[in-house]
1. Could you tell me whether any residue of region 60-69 is more than 22 Å from Ser108 (Cβ to Cβ), modelled with pLDDT of 85 or more and surrounded by fewer than 16 Cβ atoms within 10 Å (Cβ to Cβ)?
2. For region 117-155, give me the residue count where each residue is part of a helix (DSSP H, G or I) and not basic (Lys, Arg).
3. Among the residues of region 117-141, which ones are under 16 Å from the mean Cα position of the chain (by Cα), among the β-branched types (Val, Ile, Thr) and over 17 Å from Leu23 (Cα atoms)?
4. Being within 20 Å of the chain's Cα centre (by Cα) and either touching a residue at least 60 places away in the same chain (Cβ under 8 Å) or over 21 Å from Glu151 (Cα atoms) (or both) is the filter here; which residues of region 35-59 pass it?
5. Tell me the residue from Ser150, Ser64 that is touching an Asp or Glu at 6+ places or on another chain (Cβ under 6 Å) and either of a type outside the set (Asp, Glu) or touching a residue at least 24 places away in the same chain (Cβ under 8 Å) (or both), please.
6. Would you say Ile158 is assigned to a helix (DSSP H, G or I), in contact (Cβ under 8 Å) with a residue 12 or more places away in the chain, aliphatic (A, V, I, L, M) and more than 27 Å from Val14 (Cα to Cα)?
7. Do you know which residues across region 39-78 are within 27 Å of Leu95 (Cβ to Cβ) and out of contact with any helix residue (DSSP H, G or I) (no Cβ under 6 Å at 6 or more places or on another chain)?
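The values are calculated or read from the model by the stated rules, or taken from the named source; none is laboratory data. What you see is a predicted model, and the numbers here were worked out from it, not measured in a lab. Here the Cβ positions follow ideal geometry from the backbone for every residue, glycine too, while neighbour counts run over all protein chains shown.
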Amino acid sequence: MNGYQPNLIEIILVVATIGLIPLAVVTLTGFMKISVVLFLIRNALGVQQTPPNLVLYGIALILSVYVTTPLIGDMYRQVEGRDLSLQNVQQLEELGSALRPPLQAHLSKFANESERGFFVQATETIWSPEARADLRDDDLVVLIPAFVSSELTRAFEIGFLLY
C-alpha cells in the first residue's frame, strides 16, 4: 500500500463528476439537435414507433461522435501524458482546466452571438453584482446555455424546413 487514505468527500465528488458525463454528452455535443431533428422527421412521416426511439438515439449518438471527433481529439491532446487517476479533487480540477480551452472554442463556434449576449445580460437581473463582476461572454457558464439554446433553435429550424 502507498499509505494514501481516500477522503470520502473527494470520492463522492469524483464519482458525481463521472456521473455527469452522459449529461455532458447530451448537452455539449450535437446530440440534442440531431435527435430532435430525427424525431421531427419521424413525426413528419406520420409514423409513431418506426424506427424505435432506441434506433433514433443510436443514430444521433453515432452522428454526434462523428461531428464531435475534432473536439475529442483536441481534448485528448490537452490531457495526453497527464496523470488521470482522478484520486482527488485537485486532479479533477487540473483535468477540468486542461479541457476547458478546447471546449470553450467548440461552444463559441456554435453558440449564436445573440444567445451569448442574452445570457450575459440576464445575469444583470439574476446574479448579484459580485457574482457577475468578472463574467465574460466566453465563460462556460454563459457558453453552455447559449450553445444549448442555439442548438435547439437550429434543430427546430431544420425541422420546420423538413416538415
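1. For region 60-69, residues more than 22 Å from Ser108 (Cβ to Cβ), modelled with pLDDT of 85 or more and surrounded by fewer than 16 Cβ atoms within 10 Å (Cβ to Cβ): present.
2. Applying the first criterion (part of a helix (DSSP H, G or I)) to region 117-155 yields 117-126, 140-155.
Now drop any that are not not basic (Lys, Arg), which leaves 117-126, 140-153, 155.
Final tally of qualifying residues: 25.
3. At the first step, the residues of region 117-141 found to be under 16 Å from the mean Cα position of the chain (by Cα) are 138-141.
Subsequent filtering for residues that are among the β-branched types (Val, Ile, Thr) retains 141.
Within region 117-141, no residue meets the criteria.
4. Of the residues in region 35-59, the ones within 20 Å of the chain's Cα centre (by Cα) are 35-38, 56-59.
The answer is Val36, Val37.
5. Details: Ser64 fails: touching an Asp or Glu at 6+ places or on another chain (Cβ under 6 Å).
After ruling out the rest, the residue left standing is Ser150.
6. Numbers: assigned to a helix (DSSP H, G or I): yes; in contact (Cβ under 8 Å) with a residue 12 or more places away in the chain: yes; aliphatic (A, V, I, L, M): yes; more than 27 Å from Val14 (Cα to Cα): yes.
Considered against the rule, which asks whether it is assigned to a helix (DSSP H, G or I), in contact (Cβ under 8 Å) with a residue 12 or more places away in the chain, aliphatic (A, V, I, L, M) and more than 27 Å from Val14 (Cα to Cα), Ile158 comes out as yes.
7. Leu61, Ile62, Val65, Tyr66, Val67, Thr68, Thr69, Pro70, Ile72, Gly73, Tyr76, Arg77
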